[in-house]
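These notes concern the structure reproduced below.
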Amino acid sequence: MKLSAYLGRRLVFVVPQLVGITFITFLLVQLIPGDPARLMLGPLASEQTIHLLRDHMGLNRSFPEQYGLYVWHALQGDLGRSWQSGNPVATDLRQRLPATLELITYALVLSVLIAIPLGVRAARKPGKVSDRFAFGYGLVAGALPEFWLGLILILILYVKLGWAAAPDGRLDVGVDPPTRITGAYTIDALLTGNWAALSSAYEHLALPVATLTITTVGPILKMTRSTMQQMLSSDFTRYARLCGLPEGLIGRYALRNALPPVVTLVAVLYSFLIGGAVLVEVVFGWGGAGQYAVQGVLNADFAVVQGFVLVAAVVSLIVYLIVDLIYFAIDPRLTR
Amino acid sequence: MSAAEAAAAPATAALEVDDLHTCFFTAAGVVKALNGVSLRVEPGRMLGLVGESGAGKTTLAHSIMRVVPPPGRVVRGSTVLFGRDLQKLSEDELRNLRGKEIAMIVPNPRAELNPLLSIGEQLANVARAHLRLEKRAARERAVEMLAQVKIPDPKRRADAYPHELSGGMAQRVVIAMALIAEPRVTISDDATSGLDVTVQAQVLDLTLSLLRDHGSASLMITRDLGIVANYCDHVAVLYRGRVLESADVRSFFASPRHPYSIELLSAFSYEPRGEAAAPSLPYDAEELEMREVAPGHLVRDVA
Amino acid sequence: MATAVVEVARPRRAGKLELFLLVLRQRKLFAFGYLLITAIVVLALFAPLIVPYDPETADPAITLAAPSGSHWLGTDISGMDILSRVISSARIDLLIAVLGTLFSVLVGGPLGLIAGYFSGTRGLWGWVSEGMMRVADVLQAFPVFVLAIALVAALGQSARNVIIAIAFVNAPIYLRLLRTQALSLRERRFVDAARVAGNGELRIVFRHILPNAVAPAIIQASVNMGWAVLLTAGLSFVGAGVRVPTPEWGSMIAVGAQNMITGQWWPALFPGIAIAVTVLGFALIGDSLELMLDPVRRRQIVRERG
């Protein structure tokens, strides 16, 4: 099958999924107690202004009409307005989503770089130290609440040793953010040659990235170890040995065959972390999209919740599409 | 091996298996898969090894190549390739011999080939490992081998992946893999058993003519006595991890001595070309010796 | 691979209890897991009798006291005894984890069985099966954590609603798991036999397929118990779970978080350890169940006995 045809079919499948996602979000928001118009205008507003605003927001219309209106606006990039910040949700998210994506991308790249070599080592020497370490690490890291781990790292590395930057955002106080290009500070600082911002951004990334990395290495390590073990005891590995191929080459091929489930897991973790990193964001005052969404939920800022869920789902879908592309690059059985 | 046989044989065998014991240490107990197997393949000759499934044929091939999967292990005995005991070599030394001096043609090749690499790449890898060829030369050698095993349009087919091949094509690729470095000994393990009868005959003829051309000595493991009768010089009968009878082909088919061999042959004569129907008589030959009944014809005593 | 089976020592079949004891004796780590969970359950049950102080009473005279002889784990910012609170928290955290997991199994499991059994069939049930899978797909694309927070926020902050949120976000796991089981079990002969005997479709699902599909659900549930503890703590940490002063590990960490920056580590440290130990215990139990319910590895265990 051609790549384009495959992706096309994939996208056709995505559309009903997006409809489902918007619909469930919409339903969920209806459940949130409180009248959004009243919340936006504050306690002193008159009944009449509230009624006018309700009308303006479409709250007086029927349920299907409201949903249709919501989807129609979303398609045009209008995700509504947050009553907390007073800004359009799309603008807020454009500001905050890069912060979250920067954080979790660094964490996952680092996790992969650590977990895959360790997992391969563990698989090649079953029962040895590296294997036992992989097992024990998976157990312990999976049991730690990441927000608590973040606090412990702050205690040791910031409070006691003073090595890390203060856990109060993405840059030191007094350092201006680099000129905005992508919204990810490290990338923007690098592109604009703003070295002060670059070093400050990395210092602030260090602890939250470490916190997330420590917890996400666990599942990736476990998966790499078990699939790699399977591949190393598979028929084709034994056959490669029979043909006298060098061990290094055999290991590389086994890894290539073991990669697809690992790649899938990384994608699942990535899409989970878009919202799941919120606990770490809270601990480090990160001000990312997750934190924004949680504030929205807790303060009945329903446009924010809807907007975030929609954007998070779209990012997940993009990540899964990238995974499909990687599969295509790895496995010829899909393309032909 | 008996003194009489040793005296009659030429100085160096291509492959000599002596008193080979392989056990599987499974959770359910120790399984003795090979129980003192001795064989001899002369240079340039072909030894047919027959036995029903479960006799230990594949384990024998794996033991010779030292790739018995855990929990299996060779516990005793030697497998000597032109004077060098494979069981005593280091992993590195062994790697240089596998595929170069001694190669194996495997059954069920579509599971054995790496699904993510084109067959050209897989062949070229073997060529690079053993012939010290550069990338381009290895690739040319791969295409050449594909032509030798009569794969049409080999240049284009080299880019095909294992899942795109028919069973017969995959089998040819595996034969090409085995012969690409011109090994001096080839072990063929029931290599054509998974194919249609017509394809089977083609592939078999091809294999045998190639083995002849390359001057490779070979151990032909099979369940088909027809193959042995038509192509092999010698024959050995394997039953429950031990050799019951070994002889040159003419002597064996003219006068089989062991009751198990006789039964194999009689089952076979009803069904020429078919698989030897397995007579499962309780031959327990634990303590019995091999005896020479005619020059080069050895039979295990029957209690 | 052709292998002659010459000498096979046939192990005697071990009973369930015997197997359990064998596993514990041979895998000390698993025994440790059961020990941890037993200890936590006992502490939770008898918390009111054990705790040295009332877990919800603040003593303004001794706020943020470091661990000492009178307050072993110190006191928090409002002067509540941390040891008493950590022990008492086990009550609500375990209750939420157990009930949340139980309900997710009870909701997701039967739906999964139906989805699997009727998958690809014509008629109403086939449509129901297909529809449920599409809904599960949609839910899977959701950011789980935000969904859980939103549910609690929408329903109101209480332990009951945290249980509902946990059941809701975990139910799709069991839907998928038992669907896969039912898909493979419906091809088996005993199912045909039951059909020939004139059993109704739903009766076959629940009387014949269900008993054969529970093992993986049990393993999943014990692992899930740990996740539920983590999720509960996370919800409380962001303020969408159990409210202060009810003792709960996550909210205790939230309260202690500000003190961490100024070097008072005890209010946040101990509840975190309690969470980690609980989750670890459930994970070990899950691993041990997986071992016991896996026929191949079970035989190995029985064999190693000798």
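The values are calculated or read from the model by the stated rules, or taken from the named source; none is laboratory data. From a predicted model like this one, the values you see are computed outputs, not experimental measurements. Cβ sites come from the backbone with ideal geometry, for glycine too, and all protein chains shown count toward neighbours.
This table checks each residue for (1) in contact with a strand residue (DSSP E or B) (Cβ under 9 Å, 6 or more places away or on another chain); (2) part of a helix (DSSP H, G or I); (3) modelled with pLDDT of 95 or more; (4) more than 23 Å from residue C:258 (Cα to Cα).
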site: A:136; (1), (2), (3), (4): no, yes, no, yes
site: A:139; (1), (2), (3), (4): no, yes, no, yes
site: A:156; (1), (2), (3), (4): no, yes, no, no
site: A:179; (1), (2), (3), (4): no, no, no, yes
site: A:188; (1), (2), (3), (4): no, yes, no, yes
site: A:196; (1), (2), (3), (4): no, yes, no, yes
site: A:210; (1), (2), (3), (4): no, yes, yes, no
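Put simply, of B:243, B:197, B:235, B:228 the only residue that is modelled with pLDDT under 85, in the same structural domain as residue B:47 (by TED's automatic domain parsing) and of a type in the set (Val, Ile, Thr) is B:197.
Residues that are closer than 20 Å to residue C:32 by Cβ and surrounded by fewer than 21 Cβ atoms within 10 Å (Cβ to Cβ) within the range C:253-273 comprise just one, C:273.
For residue B:86, the criteria (1) buried (at least 21 other Cβ atoms within 10 Å of the Cβ); (2) at pLDDT 85 or above; (3) closer than 27 Å to residue B:258 by Cβ; (4) within 13 Å of another protein chain (Cβ to nearest Cβ) hold in every case but one, which is (3). Restricted to helices (runs of 4 or more DSSP H) entirely inside the range A:226-336, those with at least 2 residues that are at the interface with chain C (Cβ under 10 Å from one of its Cβ atoms) and crowded, with 19+ Cβ neighbours inside 10 Å are A:247-276, A:278-283, A:289-298, A:302-330. Is there a residue being at negative phi and not in a helix (DSSP H, G or I) anywhere in the range A:7-24? Checked against the condition, which is being at negative phi and not in a helix (DSSP H, G or I), the range A:7-24 yields no hits at all. Give, as residue ranges, the helices (runs of 4 or more DSSP H) completely inside the range B:104-181 that count at least 3 residues that are at the interface with another protein chain (Cβ under 10 Å from one of its Cβ atoms). Per the criteria, B:109-112, B:119-131, B:167-179. Residues considered: B:286, B:275, B:263, B:271. Of these, the only one that is at pLDDT 80 or above and either closer than 20 Å to residue B:55 by Cα or surrounded by fewer than 23 Cβ atoms within 10 Å (Cβ to Cβ) (or both) is B:263. With respect to the stated conditions, residue A:215 fails to be farther than 30 Å from residue B:124 by Cα, touching a Pro at 6+ places or on another chain (Cβ under 8 Å) and either in a loop (DSSP other than H, G, I, E, B) or within 14 Å of chain C (Cβ to nearest Cβ) (or both).
Residue by residue, here is whether (1) within 30 Å of residue A:22 (Cβ to Cβ); (2) within 21 Å of the chain's Cα centre (by Cα); (3) within 9 Å of another protein chain (Cβ to nearest Cβ) holds:
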residue	(1), (2), (3)
C:164	yes, yes, no
C:181	no, yes, no
C:196	no, no, no
C:210	no, yes, no
C:225	no, yes, no
C:239	yes, no, yes
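Against the numbered list (1) touching a residue at least 40 places away in the same chain (Cβ under 8 Å); (2) in a loop (DSSP other than H, G, I, E, B); (3) aliphatic (A, V, I, L, M), residue B:74 comes up short only at (2). The single residue among B:209, B:188 that is in the same structural domain as residue B:96 (by TED's automatic domain parsing), assigned to a strand (DSSP E or B) and within 25 Å of residue B:39 (Cα to Cα) turns out to be B:188.
Of the candidates A:89, A:112, the single residue that is β-branched (Val, Ile, Thr), touching a Gly at 6+ places or on another chain (Cβ under 9 Å) and either more than 19 Å from residue A:296 (Cα to Cα) or at pLDDT below 95 (or both) is A:89.
Among residues that are surrounded by 18 or more Cβ atoms within 10 Å (Cβ to Cβ) and at negative phi, residue B:146 is included.
A residue that is in a loop (DSSP other than H, G, I, E, B) and of a type in the set (A, V, I, L, M) occurs somewhere in the range C:67-76.
The C-beta contact set for the range C:229-242 (first residue touching a residue at least 40 places away in the same chain (Cβ under 8 Å) and under 9 Å from residue C:162 (Cα atoms), second residue of a type in the set (D, E, K, R) and part of a helix (DSSP H, G or I), distance under 9 angstrom, 6+ apart or interchain) comprises C:232/C:93; C:242/C:93. Just one of the listed residues (A:161, A:144, A:207, A:157) is surrounded by fewer than 21 Cβ atoms within 10 Å (Cβ to Cβ), in contact (Cβ under 8 Å) with a residue 12 or more places away in the chain and within 13 Å of another protein chain (Cβ to nearest Cβ), and it is A:157.
Against the test of being among the small types (Gly, Ala, Ser), out of contact with any Leu (no Cβ under 7 Å at 6 or more places or on another chain), over 15 Å from residue B:187 (Cβ atoms) and not assigned by TED's automatic domain parsing to the domain that holds residue B:16, the options B:120, B:72 yield a single qualifying residue, B:120.
Residue C:58 satisfies every condition listed in (1) over 31 Å from the mean Cα position of the chain (by Cα); (2) surrounded by fewer than 13 Cβ atoms within 10 Å (Cβ to Cβ) except (2). For residue B:114, indicate whether it is farther than 19 Å from residue A:250 by Cβ and among the polar types (S, T, N, Q). Criteria not met by residue B:114. In the range C:141-156 there is no residue matching the filter, namely being away from chain A (no Cβ under 12 Å), in a helix (DSSP H, G or I) and not β-branched (Val, Ile, Thr). Taking the range A:64-75, which residues are surrounded by 10 or more Cβ atoms within 10 Å (Cβ to Cβ) and free of Cβ contacts under 8 Å to residues at least 12 places away in the same chain? Once the filter is applied, which keeps residues that are surrounded by 10 or more Cβ atoms within 10 Å (Cβ to Cβ) and free of Cβ contacts under 8 Å to residues at least 12 places away in the same chain, the range A:64-75 yields A:65, A:68, A:69, A:72, A:73.
Check residue B:53 against each of (1) within 21 Å of residue B:228 (Cβ to Cβ); (2) more than 9 Å from chain A (Cβ to nearest Cβ); (3) crowded, with 19+ Cβ neighbours inside 10 Å and name the one condition it does not meet. Status for residue B:53: all satisfied but (3).
Residues in the range A:1-25 that are among the aromatic types (Phe, Trp, Tyr) and free of Cβ contacts under 8 Å to residues at least 12 places away in the same chain: A:13 only. If you filter the range A:123-134 down to residues that are among the hydrophobic types (A, V, I, L, M, F, W, C) and either within 9 Å of chain C (Cβ to nearest Cβ) or in contact (Cβ under 8 Å) with a residue 12 or more places away in the chain (or both), you find that the one that is surrounded by the most Cβ atoms within 10 Å (Cβ to Cβ) is A:123.
What do you reckon, is residue A:107 crowded, with 23+ Cβ neighbours inside 10 Å, farther than 24 Å from residue C:145 by Cα and away from chain C (no Cβ under 14 Å)? It is false that residue A:107 is crowded, with 23+ Cβ neighbours inside 10 Å, farther than 24 Å from residue C:145 by Cα and away from chain C (no Cβ under 14 Å). Take residue A:85 and tell me if it is within 19 Å of the chain's Cα centre (by Cα) and more than 13 Å from chain C (Cβ to nearest Cβ). Considered against the rule, which asks whether it is within 19 Å of the chain's Cα centre (by Cα) and more than 13 Å from chain C (Cβ to nearest Cβ), residue A:85 comes out as no.
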